[in-house]
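Input: a single structure, listed below in structure tokens.
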Amino acid sequence: MSHPWIADRMRLFDSSGIRKVFDLAAQLKDPINLSIGQPDFDVPASVQQAAVDAIHSRKNGYALTQGMPVLREKLQALVDAEHGHADRKVAVTSGTSGALVLALWSLVNPGDEVIVFDPYFVMYPPLVSMVGGATVLVDTYPDFRIDIDRLRAALSPRTKVILFNSPANPTGAMASAAEARAVAELAAERGIALVSDEIYRTFAYDEPLASPAKWNPDTIVVDGFSKSHAMTGWRVGFMHGPATVIDEMVKLQQYTFVCAPQPAQWAAAAALDVPMDEHRDAFRRKRDLIYEGLRGMFEVVKPGGAFYVFPKAPWGTATAFVERAVRDGVLVIPGGIFSARDTHFRISYAADERTLERGIEALCRLARAGA
Ligand code: PMP
């Protein structure tokens, strides 16, 4: 990192924390892996076939920057049916990450503040730094609920964007309709751009997802197929929001990512026809298994969505606890990677039940053992 060619902005963030866990993990023979941020099921067969068919029928060239009509029009119809906003336009992106990059580059001026709820998805603060913005954290411990007064107190005349994520990575927390509405209305009242990351919307277990776009028609929604259909490697996401904002983001996509891969877009169009309810129900059962297994020994909030749970380390810092866990063969991620606090750790329960049971047993043993 000390090479003379490297630009100053690269010093604004690092990824050493997560690399350390993966380095430790690489030395393990048969780890109990609860660290993976992707579903443990495969891409649905019809989606795989649609990609193969697209490749064989020579759909391999550049896609339209805003997305192939086969996918974009289907998404637009779904979005229109859900929101019914006159001015809500859809475009396809290079993964949800691509949509986040486009959103921040398009919205944030140097010196602008971006509100991020803590704990947060690991990518948010580095993305804000990259565009010269300042991340302003709003703490949501200990229950990961959004306190609207805390949010209001964090706003300043420089606040440009609120980054909202429900169901959330790394906590699995799902904002209630009242919370989503309060955030949506506050953003509208103060003229702040609201970006809603809904990548986990398929995996909502106890109530339907409340998108803030329901109460704020200017909300910019980013979403994608990585989690819903296990297509993490295919790089297809999408975004929707006010047409003029989306047009700016598409303009930027033209000069950066160019387009999402064309065969993957045909496959994603097929994915929209595949019901994922069985997978959602299986994750709900795993959520219950892991929560019930841990709650006697750990301070843990029952997650409402995604496939993560974020318990408090029973002793020491999260870093110390996770290092011990990893040495004992259990791969989890220390919370300091997703938070200003080094107190909790992330478990991904996108794993088979046997692995989950082994993980619960090992973690509870460690908790009992103490530092
Ligand atoms: N947002 C959140 C909250 C995520 O957890 C992830 C993936 N871990 C992404 C966005 C990015 O997803 P992708 O780029 O694969 O679509």
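Throughout, read-outs are computed from the coordinates displayed, never taken from laboratory work. Keep in mind that what you see is a predicted model, and the values were worked out from it rather than measured. We place every Cβ from the backbone using ideal geometry, glycine too, and count neighbours over all the protein chains shown.
Computed values, structure above
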read-out	value
Sequence of Glu113, Glu248 once ranked by neighbouring C-beta atoms within 10 Å, starting from the fewest	Glu248, Glu113
Dipole of the stretch 229-371, positive direction: furthest Cα of Trp234, Phe345, Tyr255, with charges on the beta-carbon	Phe345
Among Asp112, Asp149, Asp288: highest mean-square fluctuation, GNM of the chain, C-alpha pairs under 10 Å	Asp149
Contact order normalised by residue count of the chain, Cα under 8 Å, 6+ apart, percent	24 percent
Pairwise label distance in nanometres, Leu24 with Cys364, each label 7 Å out on the Cα-Cβ vector	2.3 nm
Approximate spin-label separation Phe41-Asn109, in nm, with each point projected 7 Å along Cα-to-Cβ	4.7 nm
Cleavage-rule hits, GluC sites (Glu not before Pro), the stretch 273-352, DSSP coil, Cβ neighbours within 10 Å at most 15	Glu299
Exposure proxy order (Cβ contacts within 10 Å, fewest to most) of His56, His85, His229, His240	His56, His85, His229, His240
Cβ-Cβ FRET estimate between Glu207 and Ser2, R0 fixed at 41 Å, reported to 0.05	0.25
Listed residue (Pro217, Thr65, Ser166) projecting farthest to the positive dipole end of the stretch 45-271, Cβ model	Thr65
Residues in the stretch 180-212 that a label on Glu248 would reach, taking backbone N under 17 Å of a point 7 Å out along Cα→Cβ	188, 190-196
Label-zone membership for the stretch 1-45, site Glu323, 7 angstrom Cα→C-beta point, backbone N under 15 Å	17-25
Of the trypsin sites (Lys or Arg not before Pro) in the stretch 237-317, those whose Cβ has at most 15 other Cβ within 10 Å and which sit in DSSP loop	Arg295
Fluctuation leader among Pro261, Pro142, Pro39 - the chain, Gaussian network, Cα springs under 10 angstrom	Pro142
Proximal lysines to Lys214, defined as alpha-carbon separation beneath 28 angstrom and excluding residues fewer than eight positions away on the same chain	Lys74, Lys89, Lys160, Lys227, Lys251, Lys302
Degrees separating the helix 95-107 axis from the principal Cα axis of the chain, which is the longest one	70 degrees
Cβ-Cβ FRET estimate between Glu357 and Met123, R0 fixed at 41 Å, reported to 0.05	0.85
Exposure proxy order (Cβ contacts within 10 Å, fewest to most) of Tyr308, Tyr205, Tyr120	Tyr205, Tyr120, Tyr308
Alpha carbon centroid spacing (whole Å) that separates the stretch 228-281 from the stretch 295-365	31 Å
The stretch 71-143, relative contact order in percent, only Cα pairs under 8 angstrom and at least six apart counted	26 percent
In degrees, nearest ten, helix 69-83 long axis to first principal axis of the chain (Cα)	70 degrees
Antiparallel DSSP beta bridges within the chain, as percent of all bridges there, nearest 5	45 percent
Förster radius 41 Å - calculated FRET efficiency between Met10 and Ala153, Cβ distance, rounded to 0.05	0.80
Folded to 0 to 90 degrees: helix 16-26 orientation relative to the chain principal axis, Cα	60 degrees
About the Cα centre, charge dipole magnitude for the chain (Lys/Arg +1, Asp/Glu -1 at Cβ), debye	660 debye
